[in-house]
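**Student:** Here it is, the structure in full.
Every number here is computed from the coordinates shown, using simple stated rules; none is lab data. Computed from a prediction, not measured in an experiment: that's the story for all the values here. Here Cβ is always computed from backbone atoms with ideal geometry, including for glycine, and neighbour counts include all displayed protein chains.
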Amino acid sequence: MSYLTLLQFLCESLRLRVFELQSTLSSHCAAVAVSLAPKVRVNCIAPGWIRTAWGEVASDVWQDRVLRETPLARWGTPEDIAKLARFLSSLDASYMTGQVINCNGGAVR
């Protein structure tokens with residue numbers, strides 16, 4: 001098995017695990033929201049490709065993958081996540097609880 005084949009296998013395995021974790025996250029988020037309501041609102045953010053220090057130095061393969069898998073054709077930024085978190089903690093989101101919000105540029109994979 002070549003290094004590239006092994007890397008592709010590991011990435012696909014990780015992707016499947018991420019989907020399992022998202023389902024678990026959704027269940028836990030809802031359960032915690034129910035147990036703390038109405039005094040506390042609980043929402044979760046599921047980020048997509050966010051340009052962190054790793055993203056700055058990621059190989060061309062990863063750069064191309066982000067552009068290919070993200071309909072908005074760009075990396076997300078920490079500021080994108082911060083703005084969503086600020087909204088969720090504001091009174092504008094006062095009727096939201098128990099939700100998992102994807103902040104992923106429209107990615108479906």
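**Student:** List Arg86, Arg51 from most exposed to least, where exposure is judged by having the fewest other Cβ atoms within 10 Å.
**Tutor:** Least to most surrounded, the residues fall as Arg86, Arg51.
**Student:** Right, another one. May I ask you to compute the full-extension gain from Leu36 to Arg65, defined as 0.36 nm times their residue separation minus their alpha-carbon distance, rounded to one decimal in nm?
**Tutor:** Working it through step by step, the gained length comes to 6.5 nm.
**Student:** What does the charge add up to near Gly55, with Lys and Arg as +1, Asp and Glu as -1, over the other residues with Cβ less than 14 Å from its Cβ? Don't skip to the answer; put the middle values down first.
**Tutor:** Values: positive: Arg51, Arg65, Arg74; negative: Glu56, Asp60, Asp64, Glu69, Glu79, Asp80.
Net charge in that neighbourhood comes out at -3.
**Student:** Compute the signed sum of charges (Lys and Arg +1, Asp and Glu -1) over the other residues within less than 15 Å, Cβ to Cβ, of Ser90.
**Tutor:** Residues close to Ser90 contribute a combined charge of +2.
**Student:** I would also like to ask the following. Shape of the range 18-109 from its Cα gyration tensor (a ≥ b ≥ c, root eigenvalues): rounded if a/c is under 1.5, otherwise prolate when a/b > b/c, or oblate?
**Tutor:** Numbers: a/c = 2.86, a/b = 1.96, b/c = 1.46.
Prolate is the answer for the range 18-109, as a/c is 1.5 or above and a/b outweighs b/c.
**Student:** Further question on the same structure: Which far-off residues, 5 or more places away or on another chain, put their amide H under 5 Å from the one on Asn43, with H placed in the peptide plane?
**Tutor:** Those lying under 5 Å, H to H, from Asn43 are Gly98.
**Student:** Ranked by Cβ crowding within 10 angstrom, fewest neighbours first, how are Asp92, Asp80, Asp60 ordered?
**Tutor:** Least crowded to most crowded, the residues run Asp60, Asp92, Asp80.
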